[in-house]
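The structure under discussion appears below in the form of structure tokens.
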Amino acid sequence: MPTIASTNGRFFVITDCVPQVRAAATAAAAGGTLAALTAATVAEITFPEGAFADVSACDTPQAGPTAWFATYNGGVREGCVYAIDLITKQVWTENANRAAAWTRFVLAAG
């Protein structure tokens, strides 16, 4: 399973494109857990320069590498799932039903 580690080693990205319903199982299969983020830990999500240059983006309406993660500031809005742009660090929620149609990378914690 292809992965890219963050510069501090706390997080890693699994670059397989998976639907959100498979995100937690994909993280577990790679030896981690689906990342739980806070406003403070988002700043820690940095990757080596050009880490995603040779990785194909997933089928998603967002440009660039995006990943699923578990919770933000300790919670999950009802009926929603979380995603993050791995370059800009923008966090957003999506309707869980709509998100099932898209694939993204998985942001995991080791």
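Numbers below:
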| read-out | value |
| --- | --- |
| Percentage of interatomic Cα-Cα distances in region 45-110 larger than 21 Å | 22 percent |
| Nonlocal amide H pairs with V106, under 5 Å, H built at 1.01 Å | I14, D16, W68 |
| 13 Å reach of a label modelled at V55, 7 Å along Cα-to-Cβ, counting backbone N of region 78-99 | 84-89 |
| Kirkwood Rh in Å, taken over all unlike Cα pairs in the chain | 13.6 Å |
| Cβ-Cβ FRET estimate between R10 and A96, R0 fixed at 25 Å, reported to 0.05 | 0.40 |
| Mean separation of Cα contacts under 8 Å (6+ apart) over length of the chain, as relative contact order % | 38 percent |
| Highest average packing first - 78-85, 34-41, 100-107, 62-69, Cβ atoms within 10 Å | 100-107, 62-69, 78-85, 34-41 |
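None of the figures in this text is laboratory data; all of them are computed from the coordinates on show. What you are looking at is a predicted structure, and each value in this text was computed from that prediction instead of being measured. No Cβ is skipped: glycine too gets one built from the backbone with ideal geometry, and neighbour counts run over all protein chains shown.
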